[in-house]
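Participant: Input: one structure, supplied below.
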Amino acid sequence: MKKIILLFAFFVLAAGVSAQETKKMKDYVVMKDGKMMVVKDGKTTAMDKEMTLPDGTRVMLDGKVMMKDGSTKILKNGETLIIEGRSGKAPKKES
């Protein structure tokens, strides 16, 4: 009986991990080595023009970010801005 319970618990945990891996990756912009990069669907490309995000936030090529309310900030190396408009740290790449 214990083996059946342990086996069931293993499959439940494995299914949970699998579901997390299939979550859609968020799109974001990131300042990397002084250059703005765009990450969409897991693919990274250099940002070649100013972007306006869905919430009205504008992102410039030099890393300057102008919020819809007019406030500004400059992204530091490794700092990200989710395309939805939230900022944070760049995710760590798994090796």
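The values are calculated or read from the model by the stated rules, or taken from the named source; none is laboratory data. Since the model is a prediction, treat every value here as computed from it, not as a measurement. Virtual Cβ from ideal backbone geometry, glycine too; neighbours counted across all protein chains shown.
Participant: Considering only the stretch 47-87, give the strands (runs of 3 or more DSSP E) lying wholly within it that have at least 3 residues that are within 14 Å of M31 (Cβ to Cβ).
Facilitator: Here the list reads 79-82.
For every residue, the table says whether it meets (1) under 15 Å from the mean Cα position of the chain (by Cα); (2) surrounded by 10 or more Cβ atoms within 10 Å (Cβ to Cβ); (3) modelled with pLDDT of 70 or more.
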position	(1), (2), (3)
A9	no, yes, no
L13	no, yes, no
K26	yes, yes, yes
V39	yes, yes, yes
K68	no, yes, yes
T72	no, yes, yes
G78	yes, yes, yes
I82	yes, yes, yes
